[in-house]
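The values are calculated or read from the model by the stated rules, or taken from the named source; none is laboratory data. Quantities reported herein were computed from a predicted structural model and do not represent experimental measurements. Please note: Cβ atoms are built from the backbone with ideal geometry, for glycine as well, and neighbour counts cover all protein chains shown.
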């Protein structure tokens, strides 16, 4: 089983979009997949057609009181696929502050997943991280076996990856766990844009074979599918965004097998 934290402290780089659509593409290939919405904005939850504000319990209650609310009790099935969602909630923002003084604050998600694994099995777990390097993101990284780092081809998003790398190195040393980089994903790419081409080339030069061959091009149909609360492959399979994420899923499976 692979647990992938989709992480970048820069917002607006398609973390949520990648979790939703990569997860759907993996599930369509018969891989039992769990999506975890660790972002207090709960965009992944809404984008999967689940109203977080109607939920009696969600991920925040799991992290704060796992004995009363085990992870399995909040899972929601998504579409007609082997795909489930651990929904997020606005109260996750308060959860981060509540967890701060606790010694096991970075292990809450990992412990919840390990408890879930005793009853359920998954091929893939994808975690949508908030755009920060706080306690929630640390929970995702500690729980993960792999990291996937999306970045748009802009200077500030690229520059922020150095800060992320330093935090990951520091975490792995202080908390004594191992995590591998599954890959760097260039997102929101615009064809014919000189700036995007230049920065994408710099990213490939810097991270070499860790950069996915697949790039996610800007595609309005992906945004439309999010408004409808369904992954792009269920909204418009012919859209370039659907084709991009189908290609990414194939590349992810090849890397995982290797």
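Looking only at segment 94-125, residues that are over 19 Å from residue 4 (Cα atoms) and part of a helix (DSSP H, G or I) come to 6 in all. Residues in segment 181-196 that are surrounded by 14 or more Cβ atoms within 10 Å (Cβ to Cβ) and either within 16 Å of the chain's Cα centre (by Cα) or in contact (Cβ under 8 Å) with a residue 40 or more places away in the chain (or both): 8 in all. Close contacts from segment 91-109, counting a first residue that is modelled with pLDDT under 90 and a second that is part of a loop (DSSP other than H, G, I, E, B), with Cβ to Cβ under 7 Å and a gap of 6+ residues or different chains, come to 96/134.
Restricting attention to segment 75-82, does a residue exist that is over 29 Å from residue 162 (Cβ atoms), within 16 Å of the chain's Cα centre (by Cα) and either outside any loop (DSSP other than H, G, I, E, B) or free of Cβ contacts under 8 Å to residues at least 40 places away in the same chain (or both)? The answer is no, given that none of the residues of segment 75-82 is over 29 Å from residue 162 (Cβ atoms), within 16 Å of the chain's Cα centre (by Cα) and either outside any loop (DSSP other than H, G, I, E, B) or free of Cβ contacts under 8 Å to residues at least 40 places away in the same chain (or both). For segment 39-71, give me the residue count where each residue is over 20 Å from residue 229 (Cβ atoms) and within 19 Å of the chain's Cα centre (by Cα). The qualifying residues number 4.
Considered as a group, the residues in segment 33-59 that are assigned to a loop (DSSP other than H, G, I, E, B) and in contact with a strand residue (DSSP E or B) (Cβ under 6 Å, 6 or more places away or on another chain) include one that is nearest to residue 255 (Cα to Cα), and that residue is 38.
Taken over segment 127-157, the criterion of being without any contact (Cβ under 8 Å) to a residue 60 or more places away in the chain and outside any helix (DSSP H, G or I) is satisfied by 134, 153, 154.
If the condition is being surrounded by 24 or more Cβ atoms within 10 Å (Cβ to Cβ) and modelled with pLDDT of 95 or more, then segment 1-14 contributes 4, 5, 6.
Kindly indicate which of 23, 30 is under 17 Å from residue 126 (Cβ atoms), out of contact with any strand residue (DSSP E or B) (no Cβ under 7 Å at 6 or more places or on another chain) and modelled with pLDDT of 95 or more.
Answer to the check: 30.
The set of residues from segment 198-207 being at pLDDT 90 or above and over 20 Å from residue 248 (Cβ atoms) comprises just one member, 198.
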